[in-house]
C-alpha cells in the first residue's frame with residue numbers, strides 16, 4: 001500500500017495509475033480543477049472506475065477522506081462548517097452502488 005500524501009491515508013497501489021486532474025485542495029476540500037467542492041462529479045466517476053471491483057474499498061477510502069475533511073474544515077471555521085449529514089453525503093453517501101452520480 002502506498003501513502004497518499006494529499007489525504008494522509010493508505011491508497012492501494014493498483015489504484016494509483018489513473019490520472020488525477022480533480023484532486024482535493026486541502027484544507028478547503030475544493031477541486032483543483034475549479035469544479036467546486038471535492039469530490040466533484042468528475043472525481044466521483046474516476047473513483048468509481050478505480051474501485052469498480054472493490055465498492056467496499058471505495059467506501060473505506062472515502063470515509064478516510066471524510067475524517068480528514070472534518071478535521072480540516074473544523075480547524076478552518078467551526079461555525080461555518082457543513083453539517084455532519086451533509087459531509088457524510090458528500091464523501092460517503094454517493095459510494096453506494098445504487099446511488100446515482102450527480
Full-extension gain in nm, residue 75 to residue 30, via 0.36 nm per residue minus C-alpha separation
14.6 nm
Run the quick spin-label model on residue 83 and residue 60: label points 7 Å from Cα toward the beta carbon, then report their separation in nm to one decimal.
3.1
Return the ratio Rg/(2.2 N^0.38 Å) for the range 39-96, where Rg is computed over Cα atoms only.
1.17
In what sequence do 30, 22 fall when counting other Cβ within 10 Å, fewest first?
30, 22
Simple spin-label estimate for residue 98 and residue 52 in nanometres, 7 Å along Cα-Cβ
2.3
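FYI, it's all coordinate maths here, none of it is from the lab. Keep in mind that this is a model prediction, so the values were computed, not measured. Because the Cβ atoms are built from the backbone with ideal geometry, glycine has one as well, and the counts that use them run over all protein chains shown.
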